[in-house]
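J.: A single structure is presented below for examination.
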Number of protein chains: 2
Amino acid sequence: MINRLTIIGVGLIGGSLARALKNAHAVGEVVGCGRNIEHLQNALTLGVIDRYETDLGAALHDTDVVVLAVPVGVTLSVMQSIKPHLDPKTIITDVGSSKGAVVQAAQQVFGDALENFVPGHPIAGTEKSGVEASFAELFHKRRVLLTPLANTSTAALQTIRQMWETTGAFVEETSVAHHDDVLAATSHLPHMLAFALVDALATMDDKVEIFRYAAGGFRDFTRIASSDPQMWHDICVTNDKAIVAMLDVFMADLERLRNAIKTGDSDYLLQVFTRAKKARDQFSMDS
Amino acid sequence: MINRLTIIGVGLIGGSLARALKNAHAVGEVVGCGRNIEHLQNALTLGVIDRYETDLGAALHDTDVVVLAVPVGVTLSVMQSIKPHLDPKTIITDVGSSKGAVVQAAQQVFGDALENFVPGHPIAGTEKSGVEASFAELFHKRRVLLTPLANTSTAALQTIRQMWETTGAFVEETSVAHHDDVLAATSHLPHMLAFALVDALATMDDKVEIFRYAAGGFRDFTRIASSDPQMWHDICVTNDKAIVAMLDVFMADLERLRNAIKTGDSDYLLQVFTRAKKARDQFSMDS
C-alpha cells in the first residue's frame, strides 16, 4: 500500500498507472502535478487523481512515491526542479523508454544519493496520448523493466516492483545498456520505419490516391506512426547510438532484400519470407 | 446472378468470395478446383463450395465465371491449362496483387481473344491463408480494383463488377500500371519492411530476449510478416520494378532520418514525426 503517490505528467502512462492502483485499492491518495492545468483538471474530473498541485513543494509534500511520467527529454530539468522539495523517504521512479539518458540525468542531479531512485519502463502503450486515453488495464500482462543501479536500495526496488505487479504487469530486472539495446530493436526501430514509411507516402505526388487504396494490413502496420512526435523525438535523441546501430543492421538487410528483388533471386526471397513468417508465428504463440 | 462459378484455388480469397456470394444468394453453384484434394475436401466440408473437380474439363464445363485465385507466379501455367477447356461464353477474372504480370500472361496465352478477361484485385486479406481462414465479410467495405483492357467487353466487366459489389466491396477501375505503382507503395513496400524487420531480429544473437520484450505496437507492426511466403515471392518477382523503385525512395528517406538521429537534428526529427502523425491520423479518419 502506497499512502501517497505523486505523478508528474498525468498522461496515458501516468493516468493508467493511477487508475490501476486505485482500482486495486493499492494507493491512499494520488496527487497530480504538471505544467498544464487544463490536463490536470481533466484528470481530476475523470477521477484519475485525487487532487493536483502546480507547486512542486505542495505536490511532493510527505509523498511516498513520485513517478516521473514525462517525455524523456525533460527528465533532467524535472529532476532539477523536484530536488529541493524531495523528502528523504520519497522513492523516485520513471517510465522512460530510454534508460541510459534517464540514469545519466539522475546521476547529474542527485550524485551518489540515488538509493531511492528506481529507473523503470512499462513496455505498454498505445498510439494515443493524454489522460483521456488512459485505462486501468493498460499494463495487464505487459512487461515492466526495472534497471536498478548499484546503490539502489532493496526496499525502494521492492516498493516499485510491488506497485507495478499490482497493475497486473510482469516485472523484470535488467541492465540499463541491455534495456536500451533491446528497446531499440523491438520498439524504437519499428517506430522509425512506420514514421518514415507514412512520411514517404505522404510527401508523394499522388498521396491521396495512395492512402485511398491502403488496406487493413497498412492500417495495422502504420498505427504506431500516430504516436506522439515530441516523445519520439526525445527517445531518438536520448537513445541515438542504439537506434542508429539497429537502423544500420536493418538497412543492410533491406538492401540485400532489394537487390534480391531486382535480380529475381527466388531462393533468397523465399528464405527471408519463410524465416520471418516462422519467427513471427512463433512470437504470436509465445505472447 | 451467376449460375455457375468455378474457383481455381480455394484459399482465403477464393473461399471468402464463394462464402459472400452464397450468403447473398448471388450464385447457383460453386465449383472448386485445385491441386490439393485435401484442401478441396475441406472447402466442401465447410460448405464453401458445392462440389470440386480435379479435372479441368469437368471444372470448367458450362461455367459462367472462372476466378483464378492462385499465387500470381502460377497464373501463366494455369491459364495455359484452362485454355483448351474454356467455353467461349465463360468470363475469366483473377485476384492477383500485381496486374502487369497477369495481363502479360493472359496476352501470351489468349492473344487478342481477351474480351472475356477482366483482371481484378480485391484489396483485402489477412495474414492468414487457406480456406479455413475464409469468411464472407472479408471484402465488406474494401476496395476491389479492376484493370480492364482495351478490348475487355462491357458485359464481362459489368458481370465482374456486380460480383464484387455483391460482396459489399467498393469497385473501382484503374490502369494496370497505376495499380501496380499504388500497390507497391501501400502494400508491397510495407510487407517488405515487416518481413525484413522480423528477419533481422530473428537472426540476431539474443532473438529470444528481443521477442520477449516486444509489445503491442510490435505485434501490429509485424502481423503482415506472417503472410504466405510463396505468394509474396510471386508478387516480388512479378512487380519487381515498382517495388524496387518504392524501396529506393523509402531507403533514401530512412537514410536521412538515420543521419538526423545520428547528428541530433531535432528540427528534422520533429518535422518528419509530426508530418507522419498528421497523415496517419487523417488516413484513420478517412477510412
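The values are calculated or read from the model by the stated rules, or taken from the named source; none is laboratory data. Please read these numbers as outputs of a predicted model, since none were measured by experiment. All Cβ positions, even for glycine, are placed from backbone atoms using ideal geometry, and neighbour counts span all protein chains on display. When the accessible area is computed, the model is the full protein with side chains, heavy atoms only, and any ligands, DNA or RNA have been set aside. Shrake-Rupley method; radii C 1.70, N 1.55, O 1.52, S 1.80 Å.
J.: Among B:Glu137, B:Glu115, B:Glu38, which one shows the highest mean-square fluctuation when chain B is modelled as a Gaussian network with alpha-carbon springs under 10 Å?
T.: B:Glu38
J.: Relative contact order, percent, of the stretch A:178-286 when contacts are C-alpha pairs under 8 Å separated by at least 6 residues?
T.: This gives 33 percent for the stretch A:178-286.
J.: Return the Cα extents of the stretch B:178-286 along principal axes one, two and three, sorted largest first, each rounded to a whole Å.
T.: On the principal axes, the stretch B:178-286 reaches 41, 40, 29 Å in Cα extent.
J.: Another question about this same structure. If you take the Cα atoms of the protein assembly as shown, find Rg, then find the Kirkwood Rh from the mean of 1/r over all pairs, what is Rg/Rh?
T.: Dividing the radius of gyration by the Kirkwood radius yields 1.06.
J.: How high is the FRET efficiency between B:Ser81 and B:Thr45 when r is their beta carbon distance and R₀ equals 30 Å, given to the nearest 0.05? Display every interim value, and only then the final one.
T.: Details: r = 26 Å, r/R0 = 0.86.
Computed FRET efficiency for B:Ser81 and B:Thr45 comes out at 0.70.
J.: Over the stretch B:85-135, calculate the relative contact order: mean separation of alpha carbon pairs under 8 Å at least 6 apart, over the residue count, as a percent.
T.: Here the relative contact order equals 44 percent.
J.: I've got another one for you. Using packing as a proxy for protection, rank B:274-280, A:64-70 so that the peptide with the highest average count of other Cβ atoms within 10 Å comes first.
T.: A:64-70, B:274-280
J.: Below 15 angstrom from the Cβ of B:Asp228, what's the summed charge of the other residues (Lys, Arg +1; Asp, Glu -1)?
T.: +2
J.: Then there is this: Give, in nm to one decimal, the length gained when the segment between B:Asn3 and B:Phe135 is fully stretched (0.36 nm per residue of separation minus the Cα-Cα distance). Present the calculation step by step, with values, prior to reporting the outcome.
T.: Working: separation 132, 0.36 × 132 = 47.52 nm, distance 2.14 nm.
Roughly 45.4 nm would be gained on extension.
J.: Given a Förster radius of 25 Å and the C-beta distance between A:Gln162 and A:Gln230 as r, what FRET efficiency does 1/(1 + (r/R0)^6) yield to the nearest 0.05?
T.: It comes out at approximately 0.20.
J.: With a 1.4 Å probe and all protein chains kept in place, how much accessible area does A:Glu53 have, in Å² rounded to the nearest 10?
T.: 50
J.: In this model, which of A:Lys99/B:Lys262; A:Lys99/A:Lys278; A:Lys278/B:Lys128; B:Lys22/B:Lys141; A:Lys99/A:Lys241; B:Lys99/B:Lys241 are farther than 20 Å apart at the alpha-carbon?
T.: Pairs exceeding the cut-off: A:Lys99/A:Lys278.
J.: Within 10 Å of each Cβ in peptide A:174-180, how many partner chain Cβ atoms are there on average? Round it to a whole number, please. Each step should come with its number before you reach the end.
T.: Values: counts 2, 0, 0, 0, 3, 1, 0.
Mean shielding count: 1.
J.: Around B:Gln162, under 15 Å between beta carbons, what's the net of Lys plus Arg minus Asp minus Glu among the other residues? Don't jump to the answer; show the numbers that get you there.
T.: On the way: positive: B:Arg161; negative: B:Asp64, B:Glu165, B:Glu172, B:Glu173.
Net local charge, B:Gln162 excluded: -3.
J.: To the nearest 500 deg cm²/dmol, what mean residue ellipticity at 222 nm is calculated for chain A from DSSP H runs of n ≥ 4 alone, each contributing -39,500 (n - 2.57), summed and divided by the residues?
T.: -16000 deg cm²/dmol
J.: Next up: Hey, can you rank B:101-112, A:239-250 by average C-beta count inside 10 Å, highest first? Walk me through the numbers on the way to the answer.
T.: Numbers: B:101-112: 17.0, A:239-250: 19.9.
Averaged packing, sorted descending, gives the order A:239-250, B:101-112.
J.: Still on this structure: Packing-wise, with mean Cβ within 10 Å as the measure, how do B:261-267, B:226-232, A:191-197, A:21-27 rank, highest first?
T.: A:191-197, B:226-232, A:21-27, B:261-267
J.: List the trypsin sites (Lys or Arg not before Pro) within the stretch A:83-129 that fall in a DSSP loop (any state other than H, G, I, E or B) and whose Cβ has at most 14 other Cβ atoms within 10 Å.
T.: A:Lys89, A:Lys128
J.: Considering every residue in B:234-245, what mean count of other chain Cβ atoms within 10 Å of its Cβ is obtained?
T.: On the way: counts 2, 2, 10, 6, 1, 1, 5, 2, 0, 4, 5, 0.
Mean inter-chain Cβ contacts per residue within 10 Å come to 3.
J.: Which whole-number percent gives the relative contact order of chain A, counting Cα pairs below 8 Å spaced six or more residues apart?
T.: Values: 451 pairs, mean separation 49.6, N = 287.
Across chain A, relative contact order equals 17 percent.
J.: Count, for each residue of A:252-262, the Cβ atoms from other chains sitting within 10 Å of its Cβ, then give me the mean as a whole number.
T.: Other-chain Cβ atoms within 10 Å of each residue's Cβ, averaged: 6.
J.: Taking just the alpha carbons, could you work out the radius of gyration and Dmax for chain A, both in angstroms?
T.: When restricted to the Cα atoms of chain A, Rg and Dmax are 21.0, 68 Å.
J.: Shape call for the stretch B:219-268 from the C-alpha gyration tensor, a ≥ b ≥ c root eigenvalues: rounded (a/c under 1.5), prolate (a/b greater than b/c) or oblate?
T.: Verdict is oblate for the stretch B:219-268.
J.: Could you please state, rounded to a whole Å, how far the C-alpha centre of the stretch A:129-180 is from the C-alpha centre of the stretch B:12-44?
T.: Computed from Cα coordinates, the inter-centre distance equals 50 Å.
J.: Among all helices in chain B defined by DSSP H, which have a length of 15 Å or more along the axis from Cα atoms plus a Kyte-Doolittle mean of at least 0.0?
T.: Values: long enough: B:12-23 (16 Å, 0.50); B:99-110 (16 Å, 0.50); B:154-166 (18 Å, -0.32); B:189-202 (19 Å, 1.64); B:240-263 (34 Å, 0.32); B:266-286 (30 Å, -0.71).
Flagged H segments are B:12-23, B:99-110, B:189-202, B:240-263.
J.: If you don't mind, there's one more thing I want to ask. Report the charge-dipole magnitude of the stretch A:178-286 in Debye, nearest 20, computed about the Cα centre from +1 at each Lys and Arg Cβ and -1 at each Asp and Glu Cβ. Working shown, then result.
T.: Values: 12 positive and 17 negative charges, 80 e Å.
The calculated dipole for the stretch A:178-286 is roughly 380 debye.
J.: Compute the separation of the alpha-carbon centres of the stretch A:66-111 and the stretch A:185-211 and state it in Å as a whole number.
T.: A separation of 33 Å, based on Cα centres.
J.: Order A:Ile13, B:Ile82, most accessible first, counting only protein heavy atoms with a 1.4 angstrom probe.
T.: Result, largest first: A:Ile13, B:Ile82.
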